[in-house]
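Below you'll find the structure, written out as structure tokens, and then a few comments.
The values are calculated or read from the model by the stated rules, or taken from the named source; none is laboratory data. Given the structure is predicted, the values throughout are model-derived calculations rather than measurements. Methodologically, a virtual Cβ is constructed for each residue, glycine included, from the backbone with ideal geometry; neighbour enumeration extends over all protein chains shown. Protein only, heavy atoms only, side chains kept; ligands, DNA and RNA dropped before computing areas. Shrake-Rupley method; radii C 1.70, N 1.55, O 1.52, S 1.80 Å.
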Amino acid sequence: MKRYQYLPFILLLFAVISCHQKPKNGAPVVGFVDAFEDATIAQAKTGFEDALAKNGYSQQKGNIEIEYQNAQGSIPTLTQIVNKFVSEPVDLLATSTTLASVTASQKTKTIPIFMMVSPTPERAHLVDANGKAPANLFGTVEDLNYIDTSFLLIPKLLPKKNEQLVVGMIYNQSEPQSADAMQRIKELAGKLNISLIALPLNSSADAQLVTRSLLGKNIDAFFANPDNTVFSAFETILKACEERHVPIFTSEAGLVQRGAVAAFGADIYQWGYQSGLQAAQYLRTHKVFGLKPEMVKVRKRVYNAAVAKKYNINVPAGFEAVK
Amino acid sequence: MDLYLAALLQGLCFSGMAVGIYLSMKIFNIPDITTDGSYALGGVITGVLLIHAFPLYVTALIVLIAGAIAGAFTAFIHTKIRINALLAGILVMTALYSVNLTIAGRSNLPLIGTSSVFDLIRLTNEPTINSLIVIVIISAVVIITVGRSLKTDFGLAMRATGNSETMIRALGVNTDRMKIIGLAIANALTALSGFLITQQQGFADVNMGIGIVIIGLGSVIIGETLINWLRVTSIMLSLVLILAGAIIFQIVLAVTLDLGVNPNLLKAVTAILVLLIVGIPRLAFDRHDQV
């Protein structure tokens, strides 16, 4: 029976831990939820924090506290993170990527949620039968129109070799934006007499094989669409494409820094920054009057000078070089 | 406190899966990786049916049947086609990803304005407490049902199949059929966890099953530590301790988050805490045995 003696101590220890509460120093708390690690998407967090700092809210000044948590791709952890922030409760939630936004939206109806790197509530299926989005959803969202423009970069910039252009792309059929984007591009390619070869990819582990399979079909260019798996596996895709001398075009400006030729699309940093401005407004007024989900404002035509030179691509005026 | 109540709630939702893995791992000695697939299958079916306004009991029944079919498939591949049990589970889990994607039609299905088991009973106005009461009742029903089943002649035959297959076969029991039924039950319970978690978190996702077998195994191992430590021999009490393991595993995660650990160290700290929970009783054993 000696073993049972430990039980009271364990229960007491648990009781003490669970009753522990951090003393508040009066500064508002921002709960920042990231669904997974990614170099490109991390720029949104930087943008968000910079926007707050620009409006006078910085952790150095001590007038705000930003609690950052990353679920590292695990949904049970993501749920717990959101539970933690809702329980404290934080003054506002900042969510980066669709999954984080959906999880937060389903967990709280009162704490304002400032989304970034997320689709419109309609596209995320967060609207009710009357087409109404949750009242506490704010931040910056994106639809798919910009993909048309980014895809059109290819016939515009690429020197013509053959009668018909062949473009390869990878999409994740288990990601709504990715599958939707692929469908949209397929229709657009049809109108432009471009042959589109699309292969499915579910995890970055398979990227090597899928990319080389695409390259084996003698494509002229690779289009990297807005997909988290493409983001994760981008270096793999880049390496394989360079070996075959195939330029990469994309709709995400962040990927141009990493080696794509050119892009038209949302700047991830600016995406976070724009949501940060809304959050700053809320912190100032503590009212949501006038706040609603906004479309991304800053989209850029960017190119990578070194890569463009390598592929003999002449970039017209209006494009901004990345460092 | 709300964070720990939510963790408790989530742990209880995982109890079906923990019991399922206990059946396959401990009673049948089969490392069943189907879990990742059947859990997501339960979640996805729940999402689709609730969005189409199916009644809860119909949804739950279909979820259980679907999970059972998945488990039966794994057992069938293992017993009849003689494929290694681990590979059989991996094959079914891999195939289920495509099945789940096809059923869902997209990756993420938020539940907006749908019915929920957590709304069935209105004993209090506090949503978390109310949910807790519902899930405690469901967990109790699961444990009592499984516990009683394992005490029947049929249940004893199942347990014996894991303990000594050759002996029980010599006594006239069809061990292949036992495994098929056993894994069917185990995965039905796992799918039930998918059913509960989907409603608790408010959405289904085809990727929700990835790595979930780790949570199940962690729960069972913590539960087993408690079983050995308290020297439990009753099957009913063993199931209760497996449930406690599921709860403890989620609470460890909640503690890690509450400590404000650097996000990069989240998993390391969680692992260390679980190690402490599993390791300390063992050290206590050694000290005790040497006396």
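For this structure, a couple of remarks:
- Gaussian network model of chain A, springs between alpha carbon atoms under 10 Å - residue of A:THR149, A:THR97, A:THR250 with greatest fluctuation: A:THR149
- Derived scalar couplings ³J(HN,Hα) [segment B:199-209; Karplus, 6.51 cos²θ - 1.76 cosθ + 1.60; whole Hz; x for Gly, Pro]: 6, 5, 8, x, 7, 10, 8, 5, 8, 5, x
- The residues of segment B:1-85 expose, per residue, 34 Å² of accessible area to a 1.4 Å probe.
- Structural size metrics of segment A:138-238, computed from C-alpha coordinates, are Rg and Dmax of 13.5, 47 Å.
- Listed pairs A:LYS61/A:LYS300; A:LYS161/A:LYS300; A:LYS156/A:LYS309; A:LYS186/A:LYS310 exceeding 25 Å between Cα atoms: A:LYS61/A:LYS300; A:LYS161/A:LYS300; A:LYS186/A:LYS310
- Protein accessible surface hidden between A and B, which excludes ligands and nucleic acids, total in Å², probe 1.4 Å: 3800
- Long-range amide H partners of A:MET295 with built H, under 5 Å: A:VAL141
- Shielding by partners for peptide A:205-216, expressed as the average number of C-beta atoms from other protein chains within 10 Å of each residue's C-beta, is 0.
- Computed 3J(HN,Hα) for segment A:58-63, one whole-Hz value per residue from the Karplus formula 6.51 cos²θ - 1.76 cosθ + 1.60 where θ = phi - 60°, is 9, 5, 5, 6, x, 9, glycine and proline marked x.
- Apportionment of accessible area to carbon and sulfur, segment B:151-275, percent (1.4 Å): 66
- Once backbone amide H atoms are built at 1.01 Å from N, A:ASP220 has A:VAL166, A:VAL167, A:GLY168 as its partners under 5 Å, excluding neighbours fewer than 5 places away on the same chain.
- Top of B:VAL19, B:VAL261, B:VAL44 by mean-square fluctuation, Gaussian network on chain B, Cα under 10 Å: B:VAL261
- Relative contact order, percent, chain B [alpha-carbon distance under 8 Å, six or more residues apart]: 35
- Percentage relative contact order, segment A:156-308, counting C-alpha pairs under 8 Å, at least six apart: 20
- Taking the Kirkwood radius as Rh and the Cα radius of gyration as Rg, chain B has a ratio of Rg/Rh equal to 0.98.
- Fraction in percent of alpha-carbon pairs per bin - 20 Å, the protein assembly as shown: 19, 47, 29, 5, 0
- Taken over the C-alpha atoms, chain A has Rg and Dmax values of 22.6, 85 angstrom.
- Less than 5 angstrom separates the built amide H of A:ASN172 from those of A:ALA179, A:LEU201, all sequence-distant by 5 or more or on a different chain.
- Whole-percent carbon and sulfur share, accessible surface of segment B:58-140, 1.4 Å: 71
- Nearest-ten-degree value, helix A:145-157 long axis tilted from longest Cα axis of chain A: 30
- GNM top mover of B:ILE215, B:ILE69, B:ILE121 - chain B, alpha-carbon springs below 10 Å: B:ILE121
- Spatially, segment B:225-281 and segment B:28-85 are offset by 26 Å when compared through their Cα centroids.
- Highest-first packing order for the peptide set A:115-123, A:289-297 is A:115-123, A:289-297, based on the mean count of other beta carbon atoms within 10 Å.
- Average other protein chain Cβ within 10 Å of Cβ, residues A:101-108: 4
- The residues of segment A:164-184 listed by number as losing at least 40 Å² of accessible area in the complex, against the isolated chain and with a 1.4 Å probe, are A:SER174, A:PRO176.
- Vicinal HN-Hα couplings computed from phi for segment B:26-43 (Karplus, 6.51 cos²θ - 1.76 cosθ + 1.60; Hz; Gly/Pro x): 8, 8, 9, 6, 10, x, 9, 7, 4, 2, 3, x, 6, 4, 5, 4, x, x
- Peptide A:85-94 is shielded by partner chain Cβ atoms: per residue, an average of 2 of them sit within 10 Å of its Cβ.
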